[in-house]
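Structure first, commentary second.
Derivation of every value follows stated rules applied to the coordinates shown; laboratory data play no part. All of these numbers come straight from a predicted model, not from anything done at the bench. A quick note on method: Cβ atoms are made from the backbone with ideal geometry, for glycine too, and the neighbour counts reach across all protein chains shown.
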Amino acid sequence: MRKRKNIITVAIDSPAAAGAGTQAKLISKFYNLYYLDTGKIYRYLGKLKLDNKKKFNYDFVKKKISCLKLTQLKNKSLISNDVAISASLIAKDNRIRKIVHKFQQKCAYNPPYKFKGSVLDGRDIITVQVKDAMFKFYITASLKVRAKRRFNEYQNLNKKITYNEVLKSLRNRDKLDKNRKYGPLKKTKDSILINTTKLSKKACFKMIKAIMDKKLNN
Ligand code: C5P
């Protein structure tokens, strides 16, 4: 694969609802980087599976990924508990992961020229997708705080789900994502740990910015 030279690459791994997406968006805006929320791709496939149980197979997935546009990932229907669970189950399948990888790596290494680089967040970004990223952050937070944040997000979208259901679902998804055979979520030694349990969005970004500026300005 062709790789653009001298670009900034930021890789973020995190369990669900730890604040990685929020930070990735702030990073992308501030440093003019192309942003890809890789979880949304698995959610997109998870939703396709829920809606097309009979048609869903590897060829179907390949076809859908080959014409995937980023705007499709912005669809609000992807933000639901059922879709998240379906995504997590699909994400265990290595053949599906491989189809998704190509799309992700193109975004990471060949972002459109108007961007100075890329920022990707997900579960296997540091461990598999962008192993040589210039910046590697592992963002986490306590399960309770994550559940509260996700619950609030669902409430804002008028989703009918209780806090306890969200907590249980996140706990199950953590288990699935950390214990699967392919691309499990884990922190690598060379990634910087950021715990957002008691950090505001602003304080967290300040920390990340300080780390990035130190390296970029050297
Ligand atoms: O981040 P988000 O909660 O939207 O991700 C949905 C699911 O997609 C995760 O629970 C995980 O199983 C899967 N995923 C993955 N690898 C990534 C990003 C997400 O397996 N890089």
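For residue 76, which aspartates and glutamates qualify as cross-link partners when the Cα separation must be under 16 Å and same-chain residues fewer than eight apart are set aside? Within reach: 37, 51, 153.
Here the Karplus curve 6.51 cos²θ - 1.76 cosθ + 1.60, taken at θ = phi - 60°, turns the phi angles of the stretch 190-205 into couplings of 8, 9, 8, 7, 10, 9, 9, 3, 10, 9, 6, 4, 5, 5, 5, 5 Hz, with x standing for Gly and Pro. Strictly greater than 22 Å: what percent of every Cα pair in the stretch 86-203 meets that? Summing the P(r) of the stretch 86-203 above 22 Å gives 47 percent of all pairs. Working note: Karplus 6.51/-1.76/1.60 with θ = phi - 60° gives the stretch 109-121 the couplings 9, 10, x, x, 4, 6, 9, 7, x, 9, 9, 10, 10 Hz, where Gly and Pro are set to x. Could you check which residue among 89, 33, 120 shows the biggest mean-square fluctuation in a GNM of the chain with a 10 Å Cα cutoff? Taking springs between Cα atoms under 10 Å, the residue moving most is 89. In the structure shown, do any of 148/178; 29/202; 49/98; 131/209; 102/178 have a Cα-Cα gap over 19 Å, and if so which? Checking Cα-Cα distances, 148/178; 131/209; 102/178 exceed 19 Å.
Here the simple spin-label model places points 7 Å from the Cα toward Cβ, and for residue 5 and residue 134 these points are separated by 1.5 nm. Within the same chain, aspartates and glutamates fewer than 8 places from residue 189 are excluded, and of the rest, those with a Cα less than 15 Å from its Cα are 13, 124, 132. Given in Å, the Rg to one decimal and the Dmax to the nearest whole number for the Cα atoms of the stretch 72-148 are 14.5, 40. Using a Debye calculation, one point per C-alpha and no hydration shell, please list log10 I(q)/I(0) for the chain at q = 0.09, 0.11, 0.17 Å⁻¹ in order. The Debye formula, applied to the Cα set alone, gives -0.34, -0.52, -1.29.
Result for the chain in a Gaussian network model with C-alpha springs under 10 Å: among 77, 86, 118, the largest mean-square fluctuation is at 77. Taking 54, 198, 106 as the candidate residues, the one with maximal mean-square fluctuation in a Gaussian network model of the chain, Cα springs under 10 Å, is 54.
If only the Cβ of Lys and Arg carry +1 and only the Cβ of Asp and Glu carry -1, the dipole of the chain around its Cα centre is close to 240 debye.
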